[in-house]
Structures are given as structure tokens and as C-alpha cells.
Amino acid sequence: MTAALSVQDLHVAIGQGTSSANVLRGVSLALEPGEVRGLVGESGAGKSMLGRAVLGLLPANATVSAGKISFEGRDLVTMPEPERRGLLGRRIALIPQDPMTSLNPVKRVGAQIAILLRHHLALSKRDALERAADLLAEVAIREPRRVLGLYPHELSGGMRQRVLIAMAFACDPSLVIADEPTTALDVTVQRQVLQLVERLRQRHGAAVLFVTHDLGVVAKICRTMTVLHAGRVLEEGETADVLARPRHPYTRALLAATPRADRPAEALRPVPPALIDSLWAEAHRLDRIAAMAPS
Amino acid sequence: MADLALDVSPTRQSRWIEGIKRGGARLWLGAALVGLLVLVALLAPLIAPHDPIEQDLMSAQLPPAWLTGGDPSYWLGTDSLGRCVLSRLIYSARTAVAVALIAASLAAAIGIAFGLVAGSFGGWVDQATSRLIDVWMAFPPVLLSIVLAAVIGAGLTSVIAAIVVVDWTRFARVVRAETMVQLQRDYAAAARAIGLSRGKILRLEILPNLVPLLVTLLAVEMGIAILVEVILSFVGISVAGDTPTWGGMIAEGRQIVYQAPWIMALPIVCIILSLIGFNLLGDGLRKTLDPVQRR
């Protein structure tokens, strides 16, 4: 079976020449069709960069310096731009991080969903709006037809994230990149959004790369997980295994630093700074070795 | 589908009412002044009491009708050749309105195109466009107009051409900067993530966000176009000599300002009222059109 997403030894650098900094240092991971993979790591670990590299939406000064990203057997890095645009939004979708700013502020919700549907499915305006109403109903928005005529600022954050989720699943993608979709939401709304993502994933059978720094979220909806730090994969496996028997000290430290209902608050331990320092030192050592190696 | 249309229209209508309320007195006053100006220009042959170029040397320099020595058939008096000042003011509005609408729209179209291209491509395209605008703006606009008039000859076309050639930079600069800002926002990234091409993103996502800004700019530009036309006709390189213009009237009235001050004062009043009208209208429309200000 071809993997939905396969990333092999991916290197991403920001800047050029001597002033460049490595963001991803040889990341490899593979998602089977329908798999939900949690991608966890602290700020700056490169988890969002990985998501953006898959979408081909790296910042202007960042480049894939080595490695392969293949989607259903096709290499996304070398793929011509128009072909990749044909996949984005249709076969590969994004649930963005911040629902407050990810919708166009001056366009009605219906018009925004219609743009997506008409772009990929060649629907008429009327059919697109009709379909958009169905999509909103699917993400449990009440009065979908009324919501179609509203502007984003007239919706709550949770509603907006639902609209974005509806848009992500609109064209039956086989891969969804969820870039911290719950970070900007409060806890009660988070729960609803997670349930929604899980339900839609099951219905549409998409693989999901769930980028987050919240181990609780991973434990709830991800079957497998990858722990990322300084642009390197430290540990990966079945979520249940990794959480029960973490092998890497960093994973253990992360777990000890995560508040849990079944443990007293005093049991919380911050991640030891010495551990972080040694991980960065290791990453920089690898950078130097790579820089010295004849390319 | 029918019920969908029914669903949307009431909110749409109430939005317009809401928007117009937000525009407030500025919108009303501006619309009234500009509306009056356009109406006068359109209906000039019907409402003008006399032929604007008909001379009556027996009744030259008559004061307005309400002053001593005024003739009730010449409401605002006559100029030094005995032509009806009111009729001349009314016919001058035709030139002013034509120049304002055509020149401002053309300048906007050219400026917006340049601004979008420079703002979205960046790199050397942006560099080249920005330098071109800088050099362009360093050139004195009146001199440029005079050169143009000399090359293509006096007339309405050369007045419009002069304004367009000088003022497209005003739009290009603002649109370039705002395009860059908008492209950095999350919704633009989300639009790329659904596979829209650069052209589609600019047209469907970015341009609607520029509308409030452009409307303001367009209205201000119309005021400026009227002013430039006044300047050019004042120095005598605007439309043909027998067509009345406000600038031409000022020039004529200037020579006899001590004997008949109203001949110079009245066109000035018309110019000021038009400029105030366009500026108020632009301000009011910006508030009306900006959905983000709907709180």
C-alpha cells in the first residue's frame, strides 16, 4: 500500500549560504492512508515547518535543501507548481492554526467556501452555495444557510474553526495537515473541534498530520505519534506505546511536564534545561558534520 | 435554492442600511454635493438660463441679481463680455465631471495593476516598479502636463492624459504597500493552501480587501483631478477656448477682480464645494464599505 504521505530525510534551511540556519535536520516519517499522526514538539521544534513544507508553503526565505516529500507516490518537492496547486485544497488540505485570521475578513463565509468548491469541483455558483450549506451542516453549524451570508467577524472562534474544518474536508482529501487547530481556542471548544475532526476523518477516510504541542490532544485522537525536537525525530510509534513506555529521555521529560487529572500538581516536573541544551548541542554538532561533508 | 435566496436577502438589505448609517452625515453631505454636481453637469442644457458663450456687450459685468444694478435675468450677473455667469458655471461642471470620472478611473486602473504586480511578485519586479514610481514622482506634475499638452495638443483628451500619467503613481504606491500587508496575513496563506493561483488570490481575496481604501483614494483623486483641470485651464492649456471652465473663468475674472469680484469668487466656490463633496463622499463610503468596522 502506498503511503498517503512519506517524508524522507527532509532538510529545510532558512536563509542562504553561511548565514543559513537549519530548521529541519533529516526528518523522516510515513503516514498510511487514514492514519492520524500526532506531531509533537516544543516551539521551534520545526513541527509547523514540516507541515508547511508538505504544503509547499514555506516562508519565502526557507528552502528544502535535501530530502523527499511524496504524496501517494508523487514527489511534491519537484512537482511543477500548477500540478501541486491542483492537489492543494483537493487532495491535500490544511486546517490552519488561527481561525480568527484565516478567513478573509471582507468576504461572506458562503463566498469563501464557494471559491474553494468552484476552483476544484467546477460547480456553478448556485450549486457551490448549496453544497457549502451541506458542508456547514456536516460540521454541526445550526442554520447553515444563514451563516453562509455572514462575515467571519460575525462568527465565534469555534464557529470559524468549524468553517475552516468544513473547507478542509470539502473535496474529500486523502491528507489533512492540521496545524495546531485547537491552540487558539478555549478548552471546551477544543473538545468539540477535536471530535469534529475525528468524525470527519472517519467519514472521509483521510490521513491526518496533527501538529500540536499538547500531548493530551495527541492521546485523545492520534493513533501514532512523532516527537520532534530541533528539527529531528526523537521518537515515534503507536501513541499508546509511546505514552506508556517512552524510550527517549526528552519524551519522558515532556510527559512529566504535562498536567494530568490523575496526578497531583506537585508531580509536575519541568523539562530539565540540561537535557534541552544537550539536544541542541547534538543538533548543532550534526550541522557542523553536514557542513564539512563534501556535498 | 429559492429559500436560500430568501434567507440571504433580508440580512443583505439590513446590512446596507446599517452601512449607510455608519457612513453618517459625511456620506449624506458628500453624496448630495457630488450628486448635485453630476446632475448639473448632465442637465446643463436644460437648466442653464442662457447660452454660455452668448455675448451681450451692452450688459457686461452686471452684478448678481440681488445686488443694486443687477438684472433679474442674469441671476449671478455677467462677465466682462456680458456672458451669463450662472450658465458658464453650469457648463463648466461638464468638463469638471468628465475629467474627474474618466481621469481618476483610468489612473486607478493603471495604478492598481502596477501596485498589485509589484506587491505580489516582490523581488526585482517590485524594485523596478518602485524605482519607476520614485523617478516619476520626482518629476514636477504641472511641467509634465504642459509638455503633454504641447505634444498632443490642448483639449479634453490631453487634460485627462496629463492627470492619468501623473497620478497613477498615487494608486500604485498605496496598492503595492497594502498588497504586501494583505499577502502576509493568514487568510492569504490559507488561500494558497487551497491551491489558488497568484492571479486568483489577488483578484478574489486581496482586491476585495482593498476596496474601502480604493474608494477613498478614488474619491480624493476625483477631487484632485478637478483641481488639476482648473490649474490647466487657468493657464490656458486645457480644453478649447470657447468651452467654459472654472479655471478659465477664474483667469478671466482675475483681471477685473476689483470691479467685479463675483466673477472670480463664484467658480472658486464651485471648486471648493466639489472638492469637499468628493472628500466627504470618499470618507463616508470607506466607513460604509468596510465590514470589519461592523462591530
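Each value in this text was obtained by applying a stated rule to the coordinates, not by laboratory testing. Quick caveat: nothing in here was measured; it's all calculated off a predicted structure. Quick reminder, even Gly has a Cβ in these numbers, built from the backbone with ideal geometry, and neighbours come from all protein chains shown.
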>> Angle check, please: helix A:157-168 long axis (alpha carbons) against the longest principal axis of chain A (alpha carbons), in degrees 0 to 90, nearest 10.
In response: 90
>> Test of understanding: given chain B, find the longest segment containing no chymotrypsin sites (Phe, Trp or Tyr not before Pro) that are in a DSSP loop and have at most 13 other Cβ atoms within 10 Å.
In response: B:67-257
> Assuming R0 = 30 Å, what is the FRET efficiency of B:Trp66 and B:Val38, from their Cβ-Cβ distance, to the nearest 0.05?
Replying inline: 0.65
> Quick one: if the Förster radius is 60 Å, what FRET efficiency do A:Ala140 and B:Ser105 give, using the C-beta to C-beta distance and rounding to 0.05?
Replying inline: 0.80
>> At 7 Å along Cα-to-Cβ for each site, give me the label-to-label distance between A:Ala291 and B:Ile272 in nm.
In response: 6.9
>> So the label point goes 7 Å from the Cα of B:Gln184 along Cα→C-beta, right? Which residues of segment A:56-87 then have their backbone N under 14 Å from it?
In response: A:60-61
> What is the gain in length, in nm to one decimal, between B:Leu144 and B:Arg254 on full extension, counting 0.36 nm per residue of separation less the C-alpha to C-alpha distance?
Replying inline: 37.1 nm
> When you take every Cα atom in segment B:18-293, what is the radius of gyration, and what is Dmax, the widest Cα pair distance, in Å?
Replying inline: 22.1, 77
> Along segment A:9-25, what does the Karplus equation 6.51 cos²θ - 1.76 cosθ + 1.60 (θ = phi - 60°) give for ³J(HN,Hα), rounded to whole Hz, x for Gly and Pro?
Replying inline: 6, 7, 10, 10, 10, 9, x, 10, x, 6, 8, 7, 10, 7, 10, 10, 10
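I want the local charge near B:Trp28. Using Cβ-Cβ distances under 13 Å, sum +1 for each Lys or Arg and -1 for each Asp or Glu among the other residues. Walk me through the intermediate numbers first.
On the way: positive: B:Lys21, B:Arg22, B:Arg26, B:Lys287; negative: B:Asp283.
My count for the surroundings of B:Trp28 gives +3.
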> What's the FRET efficiency of A:Ser124 with A:Glu42 using the Cβ-Cβ distance as r and R₀ = 35 Å, to the nearest 0.05?
Replying inline: 0.15
>> Under 18 Å from a point placed 7 Å out from the Cα of A:Ala30 along the Cα-to-Cβ direction: which residues of segment A:200-239 have their backbone N that close?
In response: A:207-209, A:223-227, A:233-239
> Points 7 angstrom from Cα along the Cβ direction at B:Glu54 and B:Ala177: gap in nanometres?
Replying inline: 5.2
> Which of A:Thr182, A:Thr18, A:Thr212 moves the most in a Gaussian network model of chain A with Cα springs under 10 Å?
Replying inline: A:Thr18
> In nanometres, what is the gap between the two model label sites at B:Val235 and B:Lys200, each 7 Å from Cα along Cα-to-Cβ?
Replying inline: 4.9
> Within the set A:Lys47/B:Lys200; A:Lys125/A:Lys220; A:Lys107/A:Lys220; A:Lys107/B:Lys21, which residue pairs have Cα atoms separated by over 32 Å?
Replying inline: A:Lys125/A:Lys220; A:Lys107/A:Lys220
> Taking 1 over the mean of 1/r across every pair of different Cα atoms in the protein assembly as shown, what Kirkwood radius in Å do you get?
Replying inline: 28.5
> Considering amide H positions built from the backbone, and no H for Pro or chain starts, which residues 5 or more places from A:Leu234, or on another chain, come under 5 Å of its amide H?
Replying inline: A:Val227, A:Leu228, A:His229
